[in-house]
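Here, each number is a calculation from the coordinates, and none is a lab measurement. Since we're looking at a predicted model, the values are computed, not measured. All Cβ positions, glycine included, derive from the backbone under ideal geometry; neighbour counts span all protein chains shown.
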Amino acid sequence: MIYQILNIFDQKVHIETVKAHCDIPCGIYDPIVAQISALTVVRMLDLMTEFEAKTPDRNKEYMNSMSRYIAVKEEHAERAKAEIRVIWGDYLKAQHLEKYPNAHALVHKIMQLGSKVRQTTDREQATQLVEAINEFAQMFWETKGIATKRAKAPYAPALELVYPAL
Amino acid sequence: MLRFLKVTGDSLAPEYREGDFVLVSKIPFFLVPPSPGDVIAFHQPGYGLLIKRIQNISPDGGLKVIGNHPESIDSRVFGTVRRGDILGKVIWHIRKA
């Protein structure tokens, strides 16, 4: 009865909200988006290399296609960084950091590599980004008590990714 | 002195759920200082008006607050709460029907 009265009052006057703030319904954290994004960066570099080799003319069609590869590379490098930042900032708690004291350094390394693959076309840096995010993924799943496995991604460039072994 | 607030979020579930109303007041703290177990509403910079349970009082007088859920955003994330940021203690909890 009292609830109904307050509810009607809320609908008419709007009672201020107080947040029992939680990352629910988020609580859904998964490094796979970052892993796939990093893989996409490698894929774009491979496509750029192939395209450059088979297209002698540096005409507007060439510029257009190359620009599109670069744009996707930029977007996915940034997405990988953003996804890792969210898990690092929102999910990892003090008890995780005590257990994984290297976490901050690993995230910093991912941020640096993420920037490097935007600035350059160095495939080696991009594969290092994939591997650093794999390392992060392994740590992430361990914090949840979930075993991991390594398997080749079922699409080009078919690099190994760390997956939860469910 | 007295304010009705509507709860959003689930960090204090199952005790406090989304849609519940609470009546908060500072008056109880004029009589008895905040103590562990009290559920309080407070202003947290960057997060707005939050509701959490006091877990303990730090040596510097700050309040360590916590939610029930492991993913709760609480003192584990933003540190202790200053007493001056407290809006009040929950003195009445009206559950969603």
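Would you kindly state the longest site-free stretch of chain A, with sites defined as trypsin sites (Lys or Arg not before Pro) in a DSSP loop (not H, G, I, E, B) surrounded by at most 12 other Cβ atoms within 10 Å?
Numbers: sites that count: A:Arg58, A:Lys144.
Longest stretch, sites excluded: A:59-143.
Please find, in a Gaussian network model of chain B (springs between Cα atoms separated by less than 10 Å), the residue of B:Ile73, B:Ile27, B:Ile40 whose mean-square fluctuation is greatest.
B:Ile27
Return the loop-located chymotrypsin sites (Phe, Trp or Tyr not before Pro) in the range B:1-66 (DSSP other than H, G, I, E, B) with at most 14 other Cβ atoms within 10 Å of their own Cβ; answer none if there are none.
Details: sites: B:Phe4, B:Tyr16, B:Phe21, B:Phe29, B:Phe30, B:Phe42, B:Tyr47; in loops: B:Tyr16, B:Tyr47.
The qualifying sites are B:Tyr47.
How many percent of all Cα-Cα pairs in the range A:9-83 sit more than 14 Å apart?
Counting pairs separated by more than 14 Å, the tail of P(r) holds 72 percent.
If the elastic network links every pair of Cα atoms under 10 Å, which of A:Ala34, A:Ala156, A:Ala53 fluctuates the most in the Gaussian network model of chain A?
Evaluated over chain A, the most mobile residue of the options is A:Ala53.
Taking every pair of distinct Cα atoms and averaging 1/r, then inverting, what Kirkwood hydrodynamic radius in Å comes out for the protein assembly as shown?
Here the Kirkwood hydrodynamic radius works out to 21.6 Å.
Which trypsin sites (Lys or Arg not before Pro) from the range B:47-97 combine a DSSP loop assignment with at most 14 other Cβ atoms within 10 Å? Please report the intermediate quantities before stating the final value.
Details: sites: B:Lys52, B:Arg53, B:Lys64, B:Arg76, B:Arg82, B:Arg83, B:Lys89, B:Arg95, B:Lys96; in loops: B:Arg82, B:Arg95, B:Lys96.
Answer by residue number: B:Arg95, B:Lys96.
Size of the range A:43-100 along its principal axes in angstrom, Cα-based, largest extent first?
57, 16, 9 Å, listed from the longest principal axis down.
Could you check which residue among A:Ala151, A:Ala38, A:Ala82 shows the biggest mean-square fluctuation in a GNM of chain A with a 10 Å Cα cutoff?
A:Ala151
What is the distance, in nm, between label points placed 7 Å from the Cα along the Cα-to-Cβ direction at A:Ile32 and at A:Lys60?
Those two pseudo-labels are separated by 4.2 nm.
Under a Cβ-only charge scheme (Lys and Arg +1, Asp and Glu -1), can you give me the dipole magnitude of the protein assembly as shown about the Cα centre, in debye to the nearest 20?
The calculated dipole for the protein assembly as shown is roughly 560 debye.
What is the extension gain from A:Ala53 to A:Glu160, computed as 0.36 nm multiplied by their sequence separation minus the C-alpha to C-alpha distance, in nm to one decimal?
Extending this stretch completely gives an extra 35.9 nm.
Can you show me the helix-derived [θ] at 222 nm for chain A, built from DSSP H runs with n ≥ 4 at -39,500 (n - 2.57) apiece and divided by the number of residues, rounded to the nearest 500.
-21500 deg cm²/dmol
Give me, ordered by chain and number, the residues 5 or more places off B:Gly88 or on other chains with an amide H under 5 Å from its own placed amide H.
Residues meeting the criterion, in which the H sits 1.01 Å from N, are B:Ala41.
If you build the convex hull over the alpha carbons only and average its shadow over all orientations, what do you get for the range A:54-154? Give it in nm² to one decimal.
On the way: hull surface 32.2 nm².
Answer in nm², one decimal: 8.0.
Quick one: Cα centre-to-centre distance for the range B:73-97 and the range A:56-92, in angstrom?
Distance between centres, Cα-based: 41 Å.
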